[in-house]
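One structure below.
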Amino acid sequence: MIRETLEKLSKEAAEQINEALAKENALEMLERIRVLYFGRKGKITELLKDVGKLSQAERPEAGSLVNQVKKSIEASLESAIQGAKKRKRESRLKSERLDVTLPGKSPKIGSLHPLTQIERDISAIFARFGFSVVRGPEVETDWYNFESLNIPKDHPSRDMQDTIYISNDLLLRTHTSPVQIRVMQQVKPPLRILCPGAVYRHDFDASHSPMFHQIEGLLVDEEVTFGDLKGVLGFFAREFFHESKVRFRPSFFPFTEPSAEMDIQCFICHGKGCVVCKQSGWMEILGCGMVDPSVFKHVGYDAERYQGFAFGIGIERPAMLKLGIPDIRLFFDNDVRFLRQFQ
Amino acid sequence: MIISLRWLSQFLPHFDLTKAEDVAHKLTMGGIEVEAISKLGEGLNGVVVGEVISKKKHPDADKLSLCVVNIGKEKLSVVCGAANVRDGLKVPVAVVGTELPNGLKIKSSKIRGEISEGMICSESELGLTGTSLGIMELPEESKVGVALTEALDLKDSLLEVALTPNRGDCLSYLGIAREVAAVCRREGAKLVPPAIGLHEISQPTSQFMRVEIEDPEACPRYTARIVGNLKVAPSPFWLRTRLERNGIRPINNIVDITNYVMLEMGQPLHVFDLKTIEGGVIRVRLSKEGEKIVTLDKKDRRLDKGDILICDAQRPIALGGVMGCEDSEISADTSDVLIESAFFHPTKIRLTSRRLNLISESSYRFERGVDPENVIKALHRAACLMQDICGGRVLNGALDSYPKPFKKIVIGFRPERAKRILGAEISPEESGEILSSLGFHVKSATQDILQVEIPSWRLNDVTREVDLIEEIARIRGYESVPSSLPGGRFVENILPPEDALFKLKADLSDMLVKFGWREAINLSFVSPQLLKSFHISDRLVTLLNPLGEEFSILRPTLIPSLLGSVRKNIAQQNMDLRLFELRTVFQSKGKSIDERYHLSAVATGESSPKFWGDKAKEITFYDLKGDLEALLKGVNRCVDFRPLTAQVRAAIPAKAGICVPLYLHPHNNQAVYVSNISIGWVGEIHPDILDKLEIEQRVFAFDIDVSRLLETESTKDLFKSISRYPVISRDIAVLMPRETEVGKLIEIISNNKPSILIHFDLFDVYLGEQIPKDKKSVAINLNFGSSDKTLKDEEVDQALNKLIASIQKSDTFKIRE
């Protein structure tokens, strides 16, 4: 009797599960089937209750039969649920599919002006020697810009710099060197300073802008030699241009003695000679020298005790060389097609 | 200055100057920079001197001639197209097989049926000049058949030397020769100065002329000679060539000799026609205010007080050291001349030359200082050349007025000091040797100190021990100093505000870049017209000598030039822009100039970058306000925005007196405050301004005084502990009249903030059908929480109800259910 019932039940369950699997809401249907058979009043649950009512002799066999069927239905139900779950996940994955070949969404990122970038690069190199950054006014007096730097009025050395004046005594600084004087007036040695900033000259063409930028450096202590100057600036050239071949040529600046120009081996042709270096194999990079004793005198330093070196680097020229920019005026046009090239 | 190596080698017969690159390198590394080398006569090997012996018209071409040219060993038929070809002319002929400097190969050919066996060349075809009209005409005395390089003395190299202003002594062959002798130091090899072989006649110069110097300060030395019975004529070919190679146009033999000696010895000379000098006297005096003269260039010159004048008994005959006067000039019938060689004070000459805007070869040398002892030698040399070249007779004795002779200067040089400065040891012996090679005289030498006498040609520029150190270092070569790194003491003296400003500027720029802004740099100059269109006119800094009207004012604000950049970019179809600039602005403040750093930004167009998945969004006022808020928070400042009233505007530093409001939109603007200090504004540019600039889209901007911002307090808080208890979130919607500013509502909430309200966000402003037409609904999310317990719903409700009551206290606001 019970055997027949169980057979029927198990056949019914198999049919119901198959039916459920075919449906959209298969998981829901399968849950219902589970309740139908194994719920508190489920068909199998009821059967187990009936088994309890049988005589002791009949119970073991009947019990084992019911349990067998129970396990078999449970197993097929479980595998049906797993299958249904898998199908559901698969259909979700399919529905979520993107066209990954479409372009991504970039954040908006701006850019620093190339001159700011170069100024920072240069400052960072000298910061490693303990140079700290100071600034000075762009409008200077004749004394700070010229007299204190050993460039007297009515002297041919003033021809080296074509000045823009505001009044007889006030002018736009022609170099960052007056900052040296302002700092030395305020503090006693030792000192290591770097003064970046805008400077102005009466000149305008493809390689001269009336406003351009310099970085002035000054190191003063008791034992500083021309050899130290060569070492520090050679280090700079190596770090900034990745070019370690430098040469120092004697030159003239009214506020340094001895004075020198530093050239680096042309990094375009590596010394063979090209258009950029005008066939010389060398590029003129900066002017430098040992601080002239008369400059120390102007700021009240003892020139027998203290000595030091100073240098001035134009920012535009190395930037043009390094980035391959042909015309200095591009820096101040602010064309975004130019600016966006320097992220 | 140009240096011909052929000429230079006359001074240095024992030195090897055949390799131009070598000489140039040594000079450059010794401090005399050679900027370029040009080698003459290269590629001219097959070019010879020919003489045109006959010329006929080409039968088939109007512009061509058939010439027969004698080149010595043969006669060639040559077709020539130049108009200036004629019988008897000496010409350069490139024979068959020659390859000219421009790459042209000469072949025997037929031109319109006529045979041509070579080519008559122009100067440009020979690479001698850039352009030329017609064929080159050679001097009559050229020998037929001789190689052109020989005929024109073309086996020469020219060095282009760039001299620093301290080296006036090198503005001559003699000076450069001294340098070469020192940098190419060779045992026993000495410089040979130009020869002076005078054959004076017995008549003394003093019989005809005397010299009176009124102002020995302005003219410490004046020497003169008379040469008579001269014949004025063109100079010989070699002399003309040398002058031309140095860029000086030959005039006649007398004038050419003065220029030649100037190039040779560095001493500018002047010659007067003796018959034009009245009263037998040369008087050197300073000009009086308003005196008038006519200089050699035929220009009327009005003098100031204090120019040096060379006068005769009656009148000025030259502007001393700068230029002669027209009426004492050498002319074709001149037969007797007075040669002047003098020392004029450098500053005097410079002042005169600047004031009259008259820079001559002579003034250029005088203002850099000539050699006072060379004055007389150059005089003799010029007289000697006039005697040899012009057949002149030199009168006996020179006039030499030298009231205040220059003193010899002796400087002590300590090798130990040189070592301390250079970082390289140089023995006293080597130091002495180098100094001697440059013409310094070592009077005495011990291990500790050398007593060095300065040569007369370096008195201007070598005045101290350190100058001697440089001389030794440069001749020995900077390469010989080993590179080292500075040790030294710890630097305590940093200047704190500067470093802080540097950091603040870097922080602000970096953040703006992250927010999508691009840094711009404009020139510091603006045009008055541009400022006028912005209604800016007060306290402007005007330049005395600007590059032009449009560069004549130092900008008092960055905004106009930034808008200029916007306009230029829009013209290039770049419509979506965010540009900022962090630079100096200038304002006059009494007699001084106030310089401050400002950060200004302008933005327009679409919010970039474009994305296919989003709708394009226009940049709005709120983009700038939000960026500014984040920016100031990023540098740890407490920012708030207030109405930009006229008073507040005036309180913005560096803006005082400048009419900021007039270029801003009358409604869309706010003042920016940090810790109760106004530091700038954010707003929209007035459409009137945009119309003037022809910008057709809305532009928003902000402007911050960074110098002022630096002075405000940085409010970086210490760490606050994070609450372990949950946050309870509630939303409210407030109905309010459309024209009422939401700021009022925010103010009420801030002023009545319950202690358990952690923060609130405004997340929606609704206008639409759900609410009356004249109202707007503002939705706010409120977050409640406590750091020491979990809040109960009732506690939150109570706090919220209290807040709602405060909001509804005014009839303006009503909570939407």
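See the values below:
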item: Relative contact order, percent, the stretch B:205-401 [alpha-carbon distance under 8 Å, six or more residues apart]; result: 35 percent
item: For chain B, convex hull volume per residue from C-alpha positions, Å³; result: 301 Å³
item: Built amide H within the under 5 Å cut-off of residue B:594, gap 5+; result: B:587, B:588, B:589
item: Over the stretch A:2-95 - Rg/Rh using Cα atoms and the Kirkwood inverse-distance radius; result: 1.10
item: Rounded to the nearest 10 Å², the accessible area of residue B:625 at probe 1.4 Å; result: 50 Å²
item: Positive-pole candidate from B:790, B:253, B:556, dipole of chain B, charges at beta carbon; result: B:790
item: Beta bridge orientation in the protein assembly as shown: antiparallel %, DSSP, nearest 5; result: 95 percent
item: Given charges at beta-carbon only (K, R positive; D, E negative), |dipole| of the stretch B:728-816 in Debye; result: 180 debye
item: Two-site FRET efficiency, residue B:416 against residue B:201, from Cβ-Cβ distance with R₀ of 45 Å, rounded to 0.05; result: 0.20
item: Entries in B:776/B:809; B:720/B:789; A:8/A:41; A:94/B:610 that, when Cα-Cα distance is taken, lie over 20 Å; result: A:94/B:610
item: Scaled radius of gyration (Cα, divided by 2.2 N^0.38 Å) that the protein assembly as shown gives; result: 1.40
item: Mean residue ellipticity (222 nm) of chain B, computed from DSSP H runs ≥ 4 via -39,500 (n - 2.57), nearest 500; result: -7500 deg cm²/dmol
item: Derived scalar couplings ³J(HN,Hα) [the stretch B:139-154; Karplus, 6.51 cos²θ - 1.76 cosθ + 1.60; whole Hz; x for Gly, Pro]; result: x, 4, 6, 4, 8, 4, x, 6, 4, 4, 4, 6, 4, 9, 6, 9
item: For the stretch A:125-190 and the stretch B:663-693, distance of Cα centres in Å; result: 37 Å
item: In nm, spacing of pseudo-spin labels at residue B:357 and residue B:763 (7 Å Cα→C-beta vector); result: 7.3 nm
item: Chain A: calculated mean residue ellipticity at 222 nm from DSSP helix runs of at least 4, using -39500 (n - 2.57); result: -13500 deg cm²/dmol
item: In sequence order, calculated HN-Hα J values of the stretch B:187-195 (Karplus, 6.51, -1.76, 1.60; Hz; x Gly/Pro); result: 3, x, 7, 10, 6, 10, x, x, 6
item: Pair residue A:90, residue B:448: separation of 7 Å Cα→Cβ label points (nm); result: 10.4 nm
item: Per residue, the convex hull volume that the Cα atoms of the stretch B:347-473 enclose (Å³); result: 165 Å³
item: Heavy-atom SASA rank of B:75, B:716 (probe 1.4 Å, accessible area, largest first); result: B:716, B:75
item: Amide hydrogen neighbours beyond the local backbone of residue B:704, cut-off 5 Å, H modeled; result: B:599, B:600
item: J(HN,Hα) series, the stretch B:766-780, from Karplus relation 6.51 cos²θ - 1.76 cosθ + 1.60, nearest Hz, glycine and proline x; result: 10, 10, x, 5, 5, 10, x, 4, 8, 10, 10, 10, 10, 9, 10
item: Candidates per trypsin sites (Lys or Arg not before Pro) in the stretch A:205-279, loop by DSSP, up to 14 other Cβ within 10 Å; result: A:272, A:278
item: Chain A: Cys lacking any partner C-beta under 4.7 angstrom; result: A:195, A:288
item: Solvent-accessible area per residue, Å², over the stretch B:205-401 with all protein chains present [probe radius 1.4 Å]; result: 37 Å²
item: Accessible surface of residue A:4 - all protein chains present, 1.4 Å probe, nearest 10 Å²; result: 130 Å²
item: Dipole magnitude of chain A, debye to nearest 20 (Cβ charges: Lys/Arg +1, Asp/Glu -1, about Cα centre); result: 2700 debye
item: Cα-Cα P(r), the stretch B:410-475, percent of pairs per 5 Å interval; result: 4, 20, 36, 28, 11, 3
item: FRET E, pair residue B:408, residue B:73, Förster distance 56 Å, beta-carbon r, rounded to 0.05; result: 0.35
item: Stokes-Einstein D for the stretch B:661-817, Kirkwood Rh over Cα pairs, 4 °C, 1.567 mPa s (µm²/s); result: 68 µm²/s
item: In the stretch A:83-160, GluC sites (Glu not before Pro) in a DSSP loop with at most 15 other beta-carbon atoms within 10 Å; result: A:96
item: Partner lysines for residue B:107 [C-alpha distance under 24 Å; skip if fewer than 8 residues away on the same chain]; result: B:55, B:56, B:57, B:63, B:73, B:75, B:90
item: Cleavage-rule hits, chymotrypsin sites (Phe, Trp or Tyr not before Pro), the stretch B:485-576, DSSP coil, Cβ neighbours within 10 Å at most 12; result: B:490
item: Kirkwood-based shape ratio for the stretch B:285-339, expressed as Rg/Rh from alpha carbons; result: 0.98
item: Between the stretch B:777-817 and the stretch B:98-127, the alpha-carbon center distance in angstrom; result: 101 Å
item: 10 Å binning of all Cα-Cα separations within the stretch A:80-234, expressed as whole percents from 0 upward; result: 8, 26, 25, 12, 5, 5, 7, 7, 4, 1, 0
item: Interchain or long-range residues, amide H under 5 Å from residue B:318's placed H; result: B:310, B:325
item: The protein assembly as shown - charge dipole about Cα centre, Lys and Arg +1 at Cβ, Asp and Glu -1, debye rounded to 20; result: 3180 debye
item: Nearest-10 value in Å² for the accessible area of residue B:358, using the 1.4 Å probe; result: 10 Å²
item: Which of B:677, A:166 is most accessible, then next, and so on - probe 1.4 Å; result: B:677, A:166
item: C-alpha center-to-center spacing [the stretch B:194-237, the stretch B:10-25] in angstrom; result: 34 Å
item: 17 Å tail of the calculated P(r), the stretch B:47-151, as % of Cα pairs; result: 48 percent
item: Charge-dipole axis of the protein assembly as shown as Lys and Arg at +1 and Asp and Glu at -1 on Cβ define it, positive-most pick from A:323, B:28, B:721; result: B:721
item: The stretch B:237-368 shape via C-alpha gyration tensor axes, a/c threshold 1.5; result: oblate
item: Estimated translational D of chain A in µm²/s (Stokes, Kirkwood radius over Cα pairs; 37 °C; 0.692 mPa s); result: 121 µm²/s
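The values are calculated or read from the model by the stated rules, or taken from the named source; none is laboratory data. Source: prediction; values computed, not measured. Virtual Cβ from ideal backbone geometry, glycine too; neighbours counted across all protein chains shown. Just so you know, the surface numbers come from the protein's heavy atoms only, side chains and all, with ligands and any DNA or RNA stripped out. Shrake-Rupley method; radii C 1.70, N 1.55, O 1.52, S 1.80 Å.
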